[in-house]
Structures are given as C-alpha cells and as structure tokens.
Amino acid sequence: MATLSKEKLAAAIAEDKRLKDEALAEWKKNKETLKAAAEAEKKSREKAIEYWFPDRDQSSSFTISFEGQKEKLSAQFGKTYKFIDPRTTVKKDQNVNEAVDMMLDEIEKLENGKLLADRLVRWNPALDKSEYDKLPEKAVEIVNEYLEIKDSSPQLKFE
C-alpha cells in the first residue's frame, strides 16, 4: 500500500477543504441571486397586477384581452395570458382541520346543509372560494367564525 508524504497529505487535505469551501461559496452566491431575483419578480408581479387591476377586491383569475396586440404578444409570451389571484384561508384559533370539521358539522345542520358542506371544502384542506361566494348569509357567518380569508400574492401564468 502506497503512503502519502506529509506534504502530499497536507496538500490533499487543503485541496479538499478548498473544494468544500468553494462549493459552499457558490451555493451561498446562488441562493442570494435567487433571493434577489424572487424579490424583483414579486415587485414586477405586484406592479403588473396593480396596473391591470387597480380596484381588485375579489379572488379570481383574469384573462387579459390585449385588443389588437394579441399577435405581437403571442409571439412574445405564448397563446394566452392569465393573471391568477389566489386567496388563502387561515385558521383563527385552532388547527385548521379541526376548524373545518366543526364548521362543516354546523353547516350540515342548515337547510341543504349537507349539499353545501360537501361542495364547500376540498380536503387539502382548501376553501372553495367560488362556493363560499355562493353561500347563504348564515353559512357565510359560520365560515367566518372559524376561518379568516386573506389575500395571497398574485401570480402571473403564461399558457
């Protein structure tokens, strides 16, 4: 078995440390670049949403009509353009799964409550905003006792 001289062993250890440090430095640099890019993308997205929809107050997806510019923009971005503006649900005082179960139990007691409850929640759990918007006032009051509806950051999707 061949042995390394002290000098060669020290050089190999130093090279190993250098490569490890270089990999960490590259990772850190890329992470910082990604963070800066994400922040820039978020600012651009917010600016575009504010420009296109200055009075938005409802959760929805918007398909944009670019009147007369469609061919030009299609070549640049793709066939369709859709702004996606999600909302999120946040629990108020307890585990969201428990809150949803309790809320559904109460809604089921209402007239047509079983049907309303079955359509209202998808088990991620995620509140179905379009169904929420169709609920009778009493059902909305029950939902609002358990869950808080908050804005999420809008997204831009090119299809």
Subset of the stretch 133-154 (residues that are modelled with pLDDT of 75 or more, among the acidic types (Asp, Glu) and under 29 Å from residue 49 (Cβ atoms))
133, 148
Mind checking whether some residue in the stretch 53-67 is part of a helix (DSSP H, G or I) and either over 26 Å from residue 134 (Cβ atoms) or modelled with pLDDT under 55 (or both)?
no
Scan 130, 74 and give me the residue that is modelled with pLDDT of 55 or more, among the hydroxyl-bearing types (Ser, Thr, Tyr) and in a helix (DSSP H, G or I).
130
When both residues are 6+ apart or on different chains and their Cβ atoms are under 7 Å apart, which pairs have a first residue that lies in the stretch 110-127 and is under 18 Å from residue 98 (Cα atoms), and a second that is surrounded by 16 or more Cβ atoms within 10 Å (Cβ to Cβ) and among the aromatic types (Phe, Trp, Tyr)?
120/132
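The values are calculated or read from the model by the stated rules, or taken from the named source; none is laboratory data. What you see is a predicted model, and the numbers here were worked out from it, not measured in a lab. Glycine gets a Cβ as well: all are built from the backbone with ideal geometry, and neighbour counts include every protein chain shown.
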